[in-house]
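Have a look at the structure below, then the notes.
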Amino acid sequence: MIDSGKMYKQIQTAITIHKRDLRIALFSPALYIVTTVSILVGIVIIRNYLSYIESNGLYPMPDLFSFPFRWVIIVTGVYLAFSAVVAIARERESGTMELLFYGPVDNVSYVIGKYSAQFTLYCLLIVLYLICFLILSNIAGIHIPESFFMMMLLSLFTGAYLISVGIFVSTISKSVRSATLAFLTLIASALFIQTSQALLLSIAPESDYYNPVLLLQQLLAWIQTLLSWLSPFSYLNYGVDEMLRGNMIAFLRVIGLSTVFCLVFIVSSIIGLKIRGVRQ
Amino acid sequence: MISTRNLTKTYPEVEAVKAVTLNVHPGEVYGFLGPNGAGKSTTIAMLLGLVKPTSGELSLFGTSLEKDYFTIKNAIGVVGENPYFFDEMTAWEFLSFHADIFMIDSKENRINQLMERVGLRQYANIRPSEYSRGMRQKLSFVRALLHKPDLLILDEPVSGLDPHGIRQIRGLIEEQKKSGTTIFISSHILSEVERTADRIAIMHKGKLLVEDNLDGLRYSVDQSVRVNVEVTHVPDSLSVILSDVPSVVDHNINGQHIEMRLDGSSDSDHRAEVSSAITASGTTIIGMETRKASLEETFMTFTDDNVIGLSKAGEVE
């Protein structure tokens with residue numbers, strides 16, 4: 001049976017933590033640096049497209065805004081996931097997590113409060129990017145297609161998933177250092193596997209029988225497939241591609257899977273925090 | 001108010017708390033003593049739900065954290081050994097945030113009133129990182145008292161404070177005691193506990209050795225009466241004469257001062273007997289006073305490994 005009184009208190013506590021974290025994040029200079037860099041990356045890509053159109057009279061792709069927007073949200077997503085990774089580990093390291101747990105703060109309200117603050121920030125940035133892209137389209141005189149807005153919708157779900165991964169890494173880490181290390185290892189491993197696979201694919205095996213290159217190619221292909229099932233970035237790319245192809249079922253499936261994985265990581269974070277404890 | 005039964009915490013390398021059974025009654029000040037590494041902080045962490053016990057039972061306000069987490073947490077105020085603060089917030093913002101966590105109505109009045117009480121009102125808009133150690137400790141107290149808790153858990157509340165700071169914190173503790181708040185105070189500044197505690201528990205190497213009021217503790221370790229005598233001069237024969245007095249357990253002569261422990265097992269007052277013996281040695285008594293063993297002396301007896309056998313009689317099961 002659901003205890004409504006307990007749930008009310010958890011929600012109230014989560015809201016208080018959410019407000020505090022959001023306020024702290026909004027006063028962080030790093031946020032503005034990352035936002036500016038993201039927008040500049042987007043502008044540079046669009047400018048290159050416009051130069052291409054000017055010199056060739058051709059559109060390089062049907063939706064000019066989709067690719068730069070993807071870059072913008074990947075940069076923002078990684079930053080927010082990283083700040084989520086640091087947020088909890090830092091509180092545990094400095095002892096302020098223990099301070100919070102002296103009072104009526106439990107694992108659920110704490111994780112939800114932390115997560116919702118990061119996600120709200122992400123949503124605010126998406127709105128900011130939308131405004132920037134609308135201004136850019138107005139200046140360039142290029143219409144933003146509907147698919148762009150669909151991609152924006154999808155990015156909310158993949159971003160939510162990415163942040164939940166960051167929160168999970170943070171809850172199970174002992175210190176800021178180990179949390180950062182774990183997160184960077186995760187990203188570096190994904191990049192390494194992707195690069196290695198591309199490299200190995202370029203090598204033509206001399207023989208089909210018992211060739212170690214073939215075996216490695218196969219192994220990395222499996223890992224790559226597994227990663228594509230887990231990576232929020234893969235979901236974003238796959239969802240956008242399918243949506244542009246008009247495959248709305250696949251698009252909705254990506255939204256559904258992102259939501260499911262996001263929930264799985266949030267619940268895992270709550271359990272992880274319970275097991276790991278509030279002390280360093 | 002607080003009740004534990006065979007509370008145990010075992011880490012891979014060490015058994016930090018061994019089957020601790022303690023009871024804190026409503027409205028009392030409970031002194032929780034022990035040398036460094038005795039297991040006090042681990043016990044407090046278990047009481048607060050910060051560390052999960054390996055075994056044993058624990059109840060607060062007659063219920064458990066598993067059943068009534070929010071009710072219990074709303075009724076407890078905690079001042080930890082290390083005052084933690086959020087670097088990004090001023091003292092007022094910090095307290096306001098905690099008031100929101102506890103859902104306190106008219107938080108502004110409560111914060112201002114408490115800040116005024118501890119003399120921090122004019123520093124409310126400064127970050128705690130710029131505060132002195134004493135100011136930070138007072139701010140921790142304000143935070144712990146914001147929601148008018150029924151139970152105050154204090155872990156080394158005066159550690160690192162100067163005499164002024166200690167006095168102010170003591171004043172706050174006494175105020176809370178008068179208002180009927182139950183106070184659980186862990187400290188190794190024994191004089192502070194001696195002043196305020198109604199009952200005392202002593203932990204040593206993870207075990208709760210004894211739990212009693214101060215007189216009970218004294219009685220369990222040392223039943224003798226301590227007498228200090230000042231004389232005009234010390235004749236050579238005085239030491240021999242005192243050694244022959246049956247009621248004198250031991251004595252120590254230091255200049256014109258004689259410290260003695262008299263047999264306290266019976267109700268008889270042996271002072272007259274001792275006075276006669278001293279006068280018979282040919283000297284004159286200028287002053288005489290009796291005193292009880294201090295908490296420090298009692299504590300040392302309990303926690304001294306060489307005489308640990310003494311404490312076994314008073315060991316709490």
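Bear in mind these aren't lab numbers, they're just calculated from the coordinates by the rules spelled out. Please read all numbers here as calculations on a predicted model, not as lab measurements. In this analysis, Cβ positions are derived from the backbone assuming ideal geometry, glycine residues included, and neighbour counts consider all displayed protein chains.
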Under a point-charge model restricted to the Cβ atoms of Lys and Arg (+1) and Asp and Glu (-1), what is the dipole moment magnitude of the stretch A:43-163 relative to its Cα centre, in debye to the nearest 20?
120 debye
Calculate the spin-label point distance for A:V41 paired with B:T21, positioning each point 7 Å from the Cα along the beta-carbon direction, and give it in nanometres.
6.4 nm
If you place +1 on the Cβ of every Lys and Arg and -1 on the Cβ of every Asp and Glu, how big does the dipole about the Cα centre of the protein assembly as shown come out, in debye to the nearest 20?
1960 debye
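Between A:T195 and B:S64, how high is the FRET efficiency from 1/(1 + (r/R0)^6) when r is the Cβ-Cβ distance and R₀ = 51 Å? Nearest 0.05.
On the way: r = 53 Å, r/R0 = 1.04.
With a Förster radius of 51 Å, E is 0.45.
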Can you tell me the relative contact order of chain B? Whole percent, Cα pairs under 8 Å, sequence separation 6 or more.
20 percent
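Just tell me how shielded B:67-78 is by partners: mean number of partner chain Cβ atoms within 10 Å of each residue's Cβ, no decimals.
Working: counts 0, 1, 6, 13, 4, 1, 8, 3, 1, 3, 2, 5.
That works out to 4 on average.
For chain B, what does the alpha-carbon gyration tensor say about shape, rounded, prolate or oblate, given a ≥ b ≥ c as the root eigenvalues, a/c under 1.5 as rounded, and a/b over b/c as prolate? If you can, show how the numbers build up before the last one.
On the way: a/c = 2.89, a/b = 1.83, b/c = 1.58.
It comes out prolate by the Cα gyration axes.
Remind me, relative contact order of chain A in percent, using alpha carbon pairs under 8 angstrom and six or more residues apart? Intermediate results must be reported in sequence, preceding the final value.
Working: 281 pairs, mean separation 73.0, N = 280.
It comes to 26 percent, rounded to a whole number.
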Mean projection of the alpha-carbon convex hull of chain A over all orientations, in nm²?
19.4 nm²
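Can you work out the FRET efficiency for the pair A:R177 and B:E289, with r the C-beta to C-beta distance and R0 = 60 Å, to the nearest 0.05?
Details: r = 60 Å, r/R0 = 1.00.
Rounded to the nearest 0.05, the efficiency is 0.50.
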Report the gain in length on full extension from A:W229 to A:I24: 0.36 nm times residue separation, minus Cα-Cα distance, nm rounded to one decimal.
70.4 nm
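If we count other beta carbons within 10 Å of each Cβ, what is the order of A:C262, A:C132, A:C123, fewest first? Don't jump to the answer; show the numbers that get you there.
On the way: A:C262 23, A:C132 17, A:C123 14.
Exposure proxy ranking, most exposed first: A:C123, A:C132, A:C262.
Based on the mean of other beta carbon atoms within 10 Å per residue, what is the order of A:50-56, B:191-197, most packed first?
Details: A:50-56: 11.7, B:191-197: 18.7.
Going by the mean number of other Cβ atoms within 10 Å, highest first, we get B:191-197, A:50-56.
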Amide H neighbours of B:S186 at under 5 Å, excluding residues fewer than 5 places away on the same chain, with H built from the backbone geometry, are B:F32, B:L154, B:D155, B:E156
Positive end of the charge dipole of chain B (Lys, Arg +1 and Asp, Glu -1 on Cβ, about the Cα centre): tell me which of B:H98, B:V14, B:G165 has its Cα farthest that way.
B:H98
Just to be sure I understand: with springs between alpha-carbon atoms less than 10 Å apart, which residue in B:Y30, B:Y131, B:Y11 has the highest mean-square fluctuation in the Gaussian network model of chain B?
B:Y11
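Averaging sequence separations of C-alpha pairs under 8 Å and six or more residues apart, then dividing by the length of the stretch B:223-291, give the relative contact order as a whole percent.
Details: 120 pairs, mean separation 33.9, N = 69.
Relative contact order comes out at 49 percent.
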As I understand it, the value is the acute angle between the Cα axis of helix B:271-280 and the longest principal axis of the Cα atoms of chain B; what does it come to in degrees, rounded to 10?
40 degrees
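Let me know the mean shielding of B:79-89 by other chains, meaning the per-residue number of their Cβ atoms within 10 Å of its Cβ.
On the way: counts 1, 4, 1, 4, 2, 9, 4, 7, 4, 5, 3.
What the average comes to for B:79-89 is 4.
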Any chance you could give the angle, 0 to 90 degrees and rounded to 10, that helix A:29-56 forms with the longest Cα principal axis of chain A?
10 degrees
Sorted largest first, the C-alpha extents of the stretch A:97-200 along its principal axes in whole angstrom are 56, 47, 19
Which Cα, out of B:S224, B:F86, B:V248, lies furthest along the positive dipole direction of chain B (beta carbon charges, K/R +1, D/E -1)?
B:F86
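The stretch B:223-291: D in µm²/s via Stokes-Einstein (Kirkwood Rh, Cα pairs, 4 °C, 1.567 mPa s)?
Numbers: Rh = 11.8 Å.
For the chosen part, D equals 110 µm²/s.
Which order do the peptides B:77-90, B:99-112, B:146-159 come out in when sorted by mean C-beta neighbours inside 10 angstrom, highest first? Can you show the working numbers first?
Numbers: B:77-90: 19.1, B:99-112: 16.1, B:146-159: 21.2.
Ranking, from highest mean packing down: B:146-159, B:77-90, B:99-112.
When a footprinting reagent is the concern and you count Cβ atoms within 10 Å, what order do A:M150, B:M203 take, fewest first?
Details: A:M150 17, B:M203 27.
Going from least to most buried by this count: A:M150, B:M203.
Counting only other chains, and only Cβ atoms inside 10 Å, what mean value do you get across the residues of B:38-50?
2
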Among B:I126, B:I72, B:I241: highest mean-square fluctuation, GNM of chain B, C-alpha pairs under 10 Å
B:I241
If one compares the long axis through the Cα atoms of helix A:107-140 with the longest principal axis of the Cα atoms of chain A, the angle in degrees, nearest 10, works out at 30 degrees
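Short version: what are the Cα gyration tensor semi-axes of the stretch A:113-263, square root of 5 times each eigenvalue, largest first, in whole Å? Present the calculation step by step, with values, prior to reporting the outcome.
Working: eigenvalues 210, 114, 42 Å².
Three semi-axes, in Å: 32, 24, 15.
Over the protein assembly as shown, what portion of Cα pair distances is larger than 33 Å, expressed as a whole percent?
Working: 106298 of 177906 pairs.
Cα-Cα pairs in the protein assembly as shown separated by more than 33 Å: 60 percent.
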Checking the table B:K148/B:K177; A:K174/B:K18; A:K19/A:K274; A:K114/A:K274 against a 18 Å threshold on Cα-Cα, which pairs fail?
A:K174/B:K18; A:K19/A:K274
Across the stretch B:163-176, in residue order, what do the Karplus-derived ³J(HN,Hα) couplings come to in whole Hz, using 6.51 cos²θ - 1.76 cosθ + 1.60 with θ = phi - 60° and x for Gly and Pro?
x, 5, x, 4, 5, 5, 5, 4, x, 5, 5, 5, 4, 5
Pick from B:S59, B:S237, B:S96: which residue has the top mean-square fluctuation in a GNM of chain B where Cα pairs under 10 Å get a spring?
B:S237
